[in-house]
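Each remark here refers to the structure printed beneath this line.
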Amino acid sequence: MLTLLFVYSASGSTAEKLKSRGTPAEHSIAAEVLPGLLNEYLPADADAQKVIANNIQGRKVHVDAADTTHKKKTKTKPKVKRITSRQKRQLGLFNIPAHCHKYDLFLPLHQLWLGYIDELFANNLNALVQSQKLVKADYHGAILTDIPKAASIFNLSVKGNTFTIYGSQIRFRASDRATRKFKVAYNRRDLILYALAVGVAPDELHYLYELDPKFTALPTYALVLQTKGAGFDVNLFAKEVAKSGKTPGLPEYDLNNLVHGEQGMEVLRPIPLGGNFTIKSHISGVYDKGSGMVIDTVKTLVDDKNTEYAKMTTRMFVIGYGGWGGPKGPSTSNEPLPSREPDAVEESATSRSQALLYRLSGDYNPLHADPAIAPKLGFKRPILHGLCSYGTAAHAVIKHMAGNDAARFKSIHARFSSPVYPGETLVTSMWKVSETGDEETIRFVTKIKERDAVVIKDGIVTLLKAKSSAKL
């Protein structure tokens, strides 16, 4: 395309000569100059005079090539604002009517997939090889139970076939609520109330009197925060437990069938004397014990800077929810206690109102207060909280084996065996069984004096050794 713009302004003597002739200056210049100029740019067969006559004569001096094209202006279409997925859910667009569910159509494909898994397991491959094959498997037709797991280890149960997938780079995503967070809060008053509830004696003022120069928290107080929450008033126990939400892949179960089986705790930093914190919780394992289902959870107490203070492991047993074909889980070791006499024994008499006092720490389960509920669950009257007996035993170990110095307490783990009725006497026997580096290992068992029944068994506490004073 050729675009020629020719602008000429006549001035001086030339303009006077043109004016005397009565000819506009721009026309005379065009007639004298343009033919030669056009001949240089136009094709050989083009007629410069015709171009002048058609495009210039009687006009301003402006020459365009004959094949000039003009771009058409297009109007910008307005953007359509699409509805979001959240809005679709709110409108119920994903709610498929029951008569439209066609799952049965895919059952033959599922049976084919089960045969595929059976064949894979029949090869007697080791776990690592099987895991690698399963990662690459075609999961069309598979009906899997998605159970939230920690890190990158997943247990999947398929109609009696259970396998584990290992590896830090596996991209399978567990349930979107595998890790849950909830706010908790407490103050010094809560610490003192807890200490009284687990049987701390009046002369142990460093747990009971906020102005004591060595005032500190009993480490096991962190265990009550999972039911206390962030409030400072009594709460509805079932509502507080329901905050954790339904776990995908697990059946709904009656909270009355839930039994506290085991409890562990590790102190990562000294428990603060109060404040606002967060508990991060995730399910670390779900196992089928035949007569019931075991749910293992790990909870971590952190502050607003994500500083970790304690890690708590809990094993709950759901009575009557077994037989679903899941993994049986690791076996529990029952290492016998030392045959010698214990190194220390602590007797703690509980009062008839002990459970009513302890529940003010945050566990408002009506089983421990309502005489009408306890018989429905097989108890003659309300029982003492398991974590109250647990805290009493932990305090006994700290008192006798750590010089009553809570700063030396590092970890504890034990199993619950029998319920305690308020008014009974707890007897905790302790043995120092080993020393490694800067740590000491203590074994303990807690029994009921009046019935000789074991309340807490397989108890083990790790203590830090006392710091020796420098000798002059």
Does any residue of the stretch 182-200 turn out to be of a type in the set (Gly, Ala, Ser), exposed (fewer than 15 other Cβ atoms within 10 Å of the Cβ) and within 22 Å of residue 427 (Cβ to Cβ)?
no
Just to verify a result, which residue in the stretch 386-400, among those that are under 37 Å from the mean Cα position of the chain (by Cα) and of a type outside the set (A, V, I, L, M), is surrounded by the fewest Cβ atoms within 10 Å (Cβ to Cβ)?
399
Residue count for the stretch 210-226, restricted to those that are buried (at least 17 other Cβ atoms within 10 Å of the Cβ) and either farther than 15 Å from residue 194 by Cα or modelled with pLDDT of 90 or more (or both)
9
Pick from the stretch 401-429 the residues that are under 16 Å from residue 344 (Cα atoms) and in contact with an Asp or Glu (Cβ under 6 Å, 6 or more places away or on another chain): which of them is surrounded by the most Cβ atoms within 10 Å (Cβ to Cβ)?
428
Among residues of the stretch 443-461, those that are touching a strand residue (DSSP E or B) at 6+ places or on another chain (Cβ under 7 Å) and surrounded by fewer than 13 Cβ atoms within 10 Å (Cβ to Cβ), counted
1
Candidate set: the stretch 324-369, residues that are in contact with a strand residue (DSSP E or B) (Cβ under 6 Å, 6 or more places away or on another chain), modelled with pLDDT of 90 or more and crowded, with 20+ Cβ neighbours inside 10 Å; chosen: the one nearest to residue 458 (Cα to Cα)
346
With 372, 310 as the choices, which residue is more than 26 Å from the chain's Cα centre (by Cα) and either without any contact (Cβ under 8 Å) to a residue 12 or more places away in the chain or surrounded by 17 or more Cβ atoms within 10 Å (Cβ to Cβ) (or both)?
372
Looking only at the stretch 263-315, count how many residues are assigned to a strand (DSSP E or B) and among the acidic types (Asp, Glu).
4
Going through the stretch 236-256 one residue at a time, which ones are at pLDDT 65 or above, surrounded by 15 or more Cβ atoms within 10 Å (Cβ to Cβ) and under 29 Å from residue 393 (Cα atoms)?
237
Flagged in the stretch 441-464 as farther than 18 Å from residue 336 by Cα and of a type in the set (Asp, Glu), in numbering order, are 450
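The values are calculated or read from the model by the stated rules, or taken from the named source; none is laboratory data. Every value quoted in this text rests on a predicted model; they were computed, and no experiment measured them. We place every Cβ from the backbone using ideal geometry, glycine too, and count neighbours over all the protein chains shown.
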